[in-house]
Amino acid sequence: MLGEYRIEGRRASEIAASVERAIGAGELQPGEVLPPLRELAVYLEVNPNTVASAYRTLRDRGVIETAGRRGSRVRPRPANTAREALRVDVPAGVRDASDGNPDPTLLPPLERALAEAAARSVRRPVLYGTPTVDEDLAAFARSALAADGVTEGPVAITSGSLDALERVLTVHLRPGDTVAVEDPGWGSLLDLIPALGLRPAPVGVDDEGPLPEELAHALHGGARAVVVTDRAQNPTGAAVSRARADRLRALLADHPDVLLIEDDHGHGIVDLPLHPLSGVTDRWALVRSTAKAYGPDLRLAVLTGDPETVDRVRGRQLLGPGWVSHLLQDTVLHLWRTSAVDPTAVAGAYGRRRDALIRALGERGVPARGRSGMNVWVPVPDETGAVARLLHSGWAVAPGARFRLNSPPGIRITVSGLADEDIVPVADAVMAATGAGESRRYE
């Protein structure tokens with residue numbers, strides 16, 4: 001049964017755990033078919049309902065999928081095989097352009113902000129029963145969101161963007177529901193969706209955001225939720241334009257029951273205006289993270305949305321961590337009030353590197369994308385080969401498989417750590433790794 005691996009267990013939880021262990025150890029491969037329910041029940045000498053319960057648990061966890069008469073099989077990318085496992089190990093002497101981190105030199109110093117937060121804590125200790133969201137932070141955030149055209153709504157604070165996305169999805173959706181997601185898109189979100197037992201519906205992306213025709217297809221196919229990155233889309237750098245926002249809002253207006261989630265993690269590092277979609281559906285949320293502008297370790301994101309969504313998120317949060325530390329909230333408030341980051345200057349620094357790399361690649365016959373943010377997306381014919389050859393040339397880039405569902409192969413290059421003198425060597429290495437130079441020579 002399944003080659004040399006034997007599924008074990010007498011209870012549903014034991015059977016499910018046995019399958020998950022095998023997948024985690026590589027003994028069950030993605031796409032491998034599991035035994036028919038009744039056959040496995042006979043083999044384990046248990047009731048078929050016990051196996052059915054185990055398979056249902058595995059489906060809800062995003063580990064397996066059921067394809068009707070074709071049976072159950074391990075998902076192409078099981079939830080317990082994170083996309084982060086596809087990252088490149090960077091040997092000594094190799095430059096890392098794969099990690100997606102911001103440039104540390106563009107992050108603000110935190111000493112004064114943390115000291116001010118500590119002093120405020122002494123003056124006004126935060127104890128049980130204190131409101132979970134600092135009133136001053138909520139007011140400041142609400143004012144900034146209103147200035148960007150975001151629909152009026154209450155504010156919650158979460159531990160980063162992914163925490164917010166998970167909380168919003170879980171308070172509205174159930175296992176088996178479909179979520180329309182950008183493809184290519186953020187690898188952590190593409191991991192999260194099957195881990196919650198949800199089904200991703202890929203939507204293609206160009207420089208202006210999700211493609212309306214593909215979003216329409218996902219919505220007509222029954223998608224219960226849509227996740228859109230407003231700016232600095234990871235990995236392509238797309239930013240939703242005004243014209244694209246108008247088209248997407250018109251589409252969503254015909255589906256008022258769909259949950260709309262917008263991710264504005266690019267706030268503070270882009271100078272392109274926000275064109276929000278919020279308010280066009282009955283249930284919506286917009287997340288604004290501090291990770292890219294102030295550093296990934298400052299785990300805080302502002303979440304706004306319709307009252308029901310925010311109230312559900314707050315209520316569930318109280319049953320878990322309770323609240324995000326007010327020391328962090330006060331630190332972020334200080335940074336916002338003092339304009340610790342100049343978005344124009346930061347966006348300009350990233351933009352000069354992005355534009356220079358895209359231009360250099362274009363001169364070498366290598367198409368690339370990157371309208372905003374800190375990443376450049378390069379379509380390649382052979383993703384694995386390109387990554388390996390670049391590593392051999394002294395450059396580590398992120399394999400596109402971390403970010404793709406159905407979209408063609410590619411690589412992501414993070415420009416945060418690139419200096420002016422790095423642009424030409426990187427472009428030359430990419431040209432050689434993708435064979436673009438050879439194809440041009442024979443034109």
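Net charge dipole, the stretch 251-362: roughly 520 debye, given to the nearest 20, about the Cα centre with Cβ charges of +1 for Lys and Arg and -1 for Asp and Glu. Shown here: mean projected area of the Cα convex hull in nm², derived from the displayed model; of the candidates (i) 20.9; (ii) 24.4; (iii) 22.9, it corresponds to (ii). If you build a Gaussian network model of the chain, linking Cα atoms that sit under 10 Å apart, which residue out of Gly320, Gly100, Gly153 swings the most? Of the options given, Gly320 has the highest mean-square fluctuation. Counted as membrane-span-like here are DSSP H helices of the chain whose alpha-carbon atoms extend 24 Å or more along the helix's own axis and whose Kyte-Doolittle mean is -0.5 or above; these are 343-363. Over the C-alpha atoms of the stretch 267-400, the Rg to Rh ratio, Rh being the Kirkwood estimate, stands at 1.07.
Within the listed set Gly365, Gly266, Gly410, the residue fluctuating most in the Gaussian network model of the chain (springs between alpha-carbon atoms under 10 angstrom) is Gly365. Which residues in the stretch 22-47 have a backbone N closer than 15 Å to a point placed 7 Å from the Cα of Thr66 along the Cα-to-Cβ line? Counting only backbone N, you get 34-41.
Picking from Asp99, Asp89, Asp177, which is most flexible by a Gaussian network model of the chain using Cα springs under 10 Å? Answer for the Gaussian network model of the chain: Asp89. Normalising the average separation of contacting C-alpha pairs (under 8 angstrom, six or more residues apart) by the number of residues puts the relative contact order of the chain at 18 percent.
Protection proxy ranking of 154-164, 367-377, by the mean of other Cβ atoms within 10 Å over each peptide's residues and highest first, is 367-377, 154-164. Subtracting the Cα-Cα distance of Thr170 and Thr338 from 0.36 nm times their residue separation leaves 56.9 nm of extension gain. Run through the DSSP bridge list for the stretch 111-337 and note the antiparallel percent, rounded to the nearest 5. About 40 percent, rounded to the nearest 5.
The numbers here are math on the coordinates, done by the rules we state, and not lab data. What you are looking at is a predicted structure, and each value in this text was computed from that prediction instead of being measured. Backbone-built Cβ (ideal geometry, glycine too); neighbour counts: all protein chains shown.
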